[in-house]
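Asks: Structure provided below as structure tokens; questions to follow.
We did not get these values from a lab; they are worked out from the coordinates using the rules stated. It should be emphasised that the depicted structure is a prediction, and the values quoted were computed from it without experimental measurement. Methodologically, a virtual Cβ is constructed for each residue, glycine included, from the backbone with ideal geometry; neighbour enumeration extends over all protein chains shown.
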Amino acid sequence: MTLPRTPSFRLDGRRALVTGASSGIGLACAAALAEAGAHVVCAARSADRLKAAVEDIVGQGGDAEALPMDMADLDDLTAKLKAQAPFDIAVNSAGLARHGPALETRPEDYDAVMAVNLRAAYFLSAGVARGLIAAKKPGSIIHISSQMAHVGGIDRAVYCAAKHGLEGMVKAMAIEWGPHKIRINTICPTFIRTPLTESTFANPERVKWIEEKIKLGRTGEVEDIMGAVTYLASDASALVTGTSLMIDGGWTAD
């Protein structure tokens, strides 16, 4: 009897773009893909932090390079993508949060969050897919979304609006690009301890609310995302597209 074999999680010979790669979840994703054998192009606004991140990945035996890029600047984003060879994998971890009561949301806060969390995600996806289609290559596009893309949250009306929009965008793009063998999915974490969530974890009332909602009894660490991004980038998820991988400790199980 010939037993079936598990599809490989290895990414040798593949080019991966990771945005928001200078810290937090983005850096963890870049490290995970490099560990699996991919050549990782690390993108972020902060050139200094990006350089340090790439040096750390290379120092651990990974293959990585830096690409300073402002996701909120569509001209810069488009130009940088056009100048690159097609990416087999793209992980969008760039994100922005400006939390507060909905009645106090300023138009400039709304625009800033939407510009990074939804508009940039849209045109990054389109740019990567365009390159893959032109090269007649399959690919995997992964967006770091949020559990807040599936529920509501205190003081998070703008953030939830952007992330709910991201989920709808991904489903539509999965339908459109499926015939080209381009997969697109989201990873939806609960609260992960990163520089982006420092203000939340500094608020005892918010921490109590978080701990009450997470059924596994702990908040997340960036390591909790690394296996998921490798799975979605690899052949192990070859039939997975247009969906969300929840890493929320059971938050949305209610």
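Asks: Which helices, taking whole DSSP H runs in the chain, have alpha carbons extending 20 angstrom or more along the helix axis plus mean Kyte-Doolittle at least -0.5?
Replies: Those that pass (Cα extent of 20 Å or more, hydropathy at least -0.5) are 121-135, 157-177.
Asks: Please compute the modelled spin-label separation between Glu223 and Arg106, points set 7 Å along Cα→Cβ, answer in nm with one decimal.
Replies: In this crude label model, Arg106 to Glu223 measures out at 4.0 nm.
Asks: Counting each DSSP H run of 4 or more residues in the chain as -39500 (n - 2.57), what helix-only mean residue ellipticity at 222 nm follows after dividing by all residues, to the nearest 500 deg cm²/dmol?
Replies: One gets -12500 deg cm²/dmol as the mean residue ellipticity at 222 nm.
Asks: Let me ask something else. Put +1 on the Cβ of every Lys and Arg and -1 on every Asp and Glu Cβ in the chain; which of Met1, Ser23, Val58 then has its Cα farthest towards the positive end of the dipole?
Replies: Selected residue: Met1.
Asks: If I model a spin label as a point 7 Å beyond the Cα along the Cα-Cβ vector, how far apart are those points for Tyr122 and Lys208 in nm?
Replies: The answer from the label model is 4.0 nm.
Asks: Once both labels are modelled 7 Å past Cα along the beta-carbon direction, what's the Lys215-Thr2 spacing in nm?
Replies: 4.0 nm
Asks: A further question follows. Find the centroid of the Cα atoms in region 83-157 and in region 201-254, then give the distance between the two in whole Å.
Replies: Comparing the Cα centres of region 83-157 and region 201-254, I get a distance of 17 Å.
Asks: While we're here: Out of (1) 52, 52, 39; (2) 61, 41, 38; (3) 55, 38, 31, which label holds the value of Cα extents along the principal axes in Å that was computed here?
Replies: So the structure-derived entry is (1).
Asks: Please list the equivalent ellipsoid semi-axes of region 189-254, computed as the square roots of five times the alpha-carbon gyration tensor eigenvalues, in descending order and whole angstrom.
Replies: 26, 14, 9
Asks: Follow-up. Please give the FRET efficiency for Ala85 paired with Asp63, using the beta carbon to beta carbon distance and R0 = 22 Å, rounded to the nearest 0.05.
Replies: 0.95
Asks: Which trypsin sites (Lys or Arg not before Pro) in region 149-182 sit in a loop by DSSP (not H, G, I, E or B) and have at most 15 other Cβ atoms within 10 Å of their own Cβ?
Replies: Here the sparse-neighbourhood loop sites are Lys181.
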